[in-house]
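The values are calculated or read from the model by the stated rules, or taken from the named source; none is laboratory data. Owing to the predicted nature of the structure, the values given are computational and were not obtained by experimental measurement. Note that we place each Cβ from the backbone using ideal geometry, even for glycine, and neighbour counts take in every protein chain shown.
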């Protein structure tokens, strides 16, 4: 599986390689993952955006919040100045797909992994994955203002900023507790039936409570997945594992993509999307499903696969998935189904 990490041979003209130290480990024939710690800096050129830089380094524009979070000196992610120096990577890297669970070094996490899983998909952005739920999550707090400039509203708060938070219950939020900042978007409807699918929860970052007095708290933004805004809500943070065990897909499953998490109408590989099936339908994290289209040809109905999605998280009737591969642009309400050995099927004969 294609990794998101940098192919150094293609980037020598634009990247200054500060250091690379391979980590020696025992490997089996089934375990081909190689860990390495890489420190890199990139100099911004005229016309550059985080979106394009993410595409250049990670083969997907969706990783731009990771680059922004590594560079707190960039206050506005939509404005880069030529000559700015960006840190691109600071963490130990590993291929996205590793085999043989006994040889995988798991990240720190409170989640347990299935004992017999033999494949994992590593998704470092798992904490920023949002979801659709029938009823909105009850917030425990609300971002009310930036501490350093209380008289000037700030539309985009970022990593390292100090913020004031108002408790929803009126009770102090415990110091040391970590929260996810998020906002509730307009409810989504299923296109074919016009029935409500639920409320998208758009996650924007992580913050830690430093001090509380009554219903007001001082918090530090630890990480910003997207621009954090005043009036964003807060719910308790539960750590998630980056290692997603690959499991068998549900048989005879078919559904549709509701829309992209970033509210786009068209999207490609690397985008996270919401689908109209969930746990009650047999959807579970770690399942792969095929993207497909149908055509009319010579009075026959043909359907053919053109991509693949991986389920990242599942709610009762919806789920969030990652587009891992696609041969074309994906549009809202695209179909997905259980994988098959046949890429093309006669649906009028089934």
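Quick look at the values:
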{"item": "Close pairs (8 angstrom Cβ cut-off, 6 or more residues apart or separate chains): closer than 17 Å to residue 119 by Cβ in segment 230-250, surrounded by fewer than 18 Cβ atoms within 10 Å (Cβ to Cβ) and modelled with pLDDT of 95 or more anywhere", "result": "247/284"}
{"item": "Of residues in segment 260-285 being in contact with a strand residue (DSSP E or B) (Cβ under 9 Å, 6 or more places away or on another chain) and on the phi > 0 side of the Ramachandran plot, the one surrounded by the most Cβ atoms within 10 Å (Cβ to Cβ)", "result": "270"}
{"item": "Qualifying residue in segment 229-239 (condition: in contact with a strand residue (DSSP E or B) (Cβ under 9 Å, 6 or more places away or on another chain), crowded, with 18+ Cβ neighbours inside 10 Å, modelled with pLDDT under 95 and farther than 11 Å from residue 178 by Cβ)", "result": "no"}
{"item": "Test: residue in segment 150-163 that is at pLDDT 95 or above, surrounded by 15 or more Cβ atoms within 10 Å (Cβ to Cβ) and farther than 26 Å from residue 274 by Cβ", "result": "no"}
